[in-house]
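Right, one structure below, let's go through it.
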Amino acid sequence: MIIAGLGNPGREYENTRHNAGFWAADAIADKFHVAMNMRQHQALCGQLLMHGQQHILVKPQTYMNLSGEAVAGVMIDNDTPPEELLVVIDDINLPAGRIRMRASGSDGGHNGLKSIISHIGRNFWRLRIGVGQPLKEDESSHDKLVSHVLGTVNAEEMAVFRLVLAEIPEIAALWLLGMGNKAMTSYNGMNFLQPEPPSD
């Protein structure tokens, strides 16, 4: 199985909202001690061991709009079908502090997903990390949306993302163990800024 976190390479993009997928991949790599020291098809890759099974963690280095070239190439090399791919991306249609996991679907206007769909179709898992939208008066402007996702996050906003990123390895583990539906049920409705009260 393959987990691909999408983003843009280069220091100028490191702390931008569009790199939430890269942040997620880094969180998974840190938790499971994955060395991202292999290169395949213009992607940084690492071997992720989960309960005796080898999986692959991927960070495409093609820039967002060409993510599909790298992801599809790694999938072909490893004989991985689309349903065994999880793509992690940013999503402007979700507020910061929210995620949404789905087993398939459209690109939702995300260029990275659009590129992957053009190469392998729609039948792959995706995990969207909310990054919110610019101010309401700017919502209709495409340029403002681009500036928003490529904008650098401040310390307060990054604190919110860290709450989400802390749970990403657990979500990834559930998916790798064949419990993607459980991950959806557990996390899709969660507001990470308002933790659920303990159950009785």
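Computed from the coordinates by the stated procedures, all read-outs in this text should not be read as laboratory data. Just so you know, these numbers come straight off a predicted model, no measurement behind them. Counting neighbours? That spans all protein chains shown, and the Cβs are built from the backbone with ideal geometry, glycine included.
General remarks:
- Peptides 60-72, 116-128 ranked from most to least packed give 60-72, 116-128, packing being the mean of other C-beta atoms within 10 angstrom over each peptide's residues.
- Ordering Leu145, Leu44, Leu113 from the fewest to the most neighbouring beta carbons within 10 Å gives Leu145, Leu44, Leu113.
- Positive-end residue of Asn93, Ser106, Ile76, charge dipole of segment 73-125 with Cβ unit charges: Asn93
- Mean separation of Cα contacts under 8 Å, 6 or more apart, over the residue count of segment 61-159: relative contact order %: 34
- Rounded to the nearest angstrom and listed largest first, the equivalent-ellipsoid semi-axes of the chain from its Cα gyration tensor are 24, 21, 16.
- Segment 67-115 versus segment 162-195: alpha-carbon centroid distance in Å: 16
- Dipole check for segment 2-187: with +1 at the C-beta of Lys and Arg, -1 at the C-beta of Asp and Glu, and the Cα centre as origin, the magnitude is about 260 Debye.
- Label zone of Met179 (point 7 Å out along Cα→Cβ, amide N under 13 Å): in segment 82-115 this covers no residue at all.
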